[in-house]
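What follows is a set of notes on a single structure, which appears directly below.
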Amino acid sequence: MTSYPRILPVGDTAFTVEFGAAIEERLVAQVQALDAELATHPIPGVRETTPSYRALLVVYAPQHSSALTVRAALEQALARMDSAALPEKRRLEIPVHYGGSDGPDLEEVARSHGLTPAEVIARVQEYLKRGATCPILYPLGDVKLMIDTFATQ
């Protein structure tokens, strides 16, 4: 059984601090708490932090701080962090519009994948309902494949 949180090296210029192996709201809160702790009490040599759903990537400049120093500072930050001290959450909703001037390529996407515009909309809505946070599929490749994959899982 793995014990969390755990600090793991990522190459020779970063650590990842993992809080668990799943995507859970409590883990997100812990990641955010550590990120806030490091913003309040910066570690010398740390260049950036990048949060995910279950871990925080901490990138440092080895010419300014050794791996041992950064790791020790991360352990101290973990001991100090307080997930109860996080600011209140804000929810931002961005409406999705289809067709017309908001989606001039809807007809083309539908036609090129053998679907009707209504079928494309229904599949994207199903994709969003299943937890996707962004309906923009184009950079990921085949739109029909992406919609079919995520709408049927």
Discussion item. Yes or no: the range 19-41 includes at least one residue that is exposed (fewer than 13 other Cβ atoms within 10 Å of the Cβ) and at pLDDT 95 or above.
Written reply: no
Worksheet item: Are any residues in the range 45-68 surrounded by 15 or more Cβ atoms within 10 Å (Cβ to Cβ) and either among the charged types (D, E, K, R) or out of contact with any strand residue (DSSP E or B) (no Cβ under 9 Å at 6 or more places or on another chain) (or both), and if so, which ones?
Response: R54
Discussion item. Regarding the range 22-31, can at least one residue be identified that is closer than 18 Å to V10 by Cα, outside any loop (DSSP other than H, G, I, E, B), without any contact (Cβ under 8 Å) to a residue 40 or more places away in the chain and not basic (K, R)?
Written reply: yes
Practice prompt. Kindly establish whether E75 is touching a residue at least 40 places away in the same chain (Cβ under 8 Å), over 30 Å from K129 (Cα atoms) and exposed (fewer than 14 other Cβ atoms within 10 Å of the Cβ).
Written response: yes
Worksheet item: What number of residues within the range 7-21 satisfy the criterion of being among the aliphatic types (A, V, I, L, M), within 20 Å of Q76 (Cβ to Cβ) and either in contact with a Leu (Cβ under 9 Å, 6 or more places away or on another chain) or part of a loop (DSSP other than H, G, I, E, B) (or both)?
Response: 4
Fill in: Of the criteria (1) within 15 Å of A79 (Cβ to Cβ); (2) assigned to a helix (DSSP H, G or I); (3) in contact (Cβ under 8 Å) with a residue 40 or more places away in the chain, which one L38 fails
(3)
Item to complete: Any residue in the range 79-93 that's modelled with pLDDT of 70 or more: show its pairings with residues that are in a helix (DSSP H, G or I) and of a type in the set (G, A, S) at Cβ separation under 9 Å, as long as the two are six or more apart or on different chains.
Response: M81/A33; M81/A36; D82/A33; D82/A36
Worksheet item: Any residue at all in the range 24-32 that is closer than 30 Å to Q125 by Cβ and touching a Lys or Arg at 6+ places or on another chain (Cβ under 7 Å)?
Response: yes
Worksheet item: If you check A55 against the conditions, is it more than 24 Å from the chain's Cα centre (by Cα), of a type in the set (G, A, S) and at pLDDT 90 or above?
Response: no
Worksheet item: Considering only the range 47-72, how many residues are closer than 25 Å to A21 by Cβ and either among the polar types (S, T, N, Q) or in contact with a Ser or Thr (Cβ under 8 Å, 6 or more places away or on another chain) (or both)?
Response: 9
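The values are calculated or read from the model by the stated rules, or taken from the named source; none is laboratory data. No experiment lies behind these values; they were computed from the predicted model shown. Cβ atoms come from the backbone with ideal geometry, glycine included; neighbour counts cover every protein chain shown.
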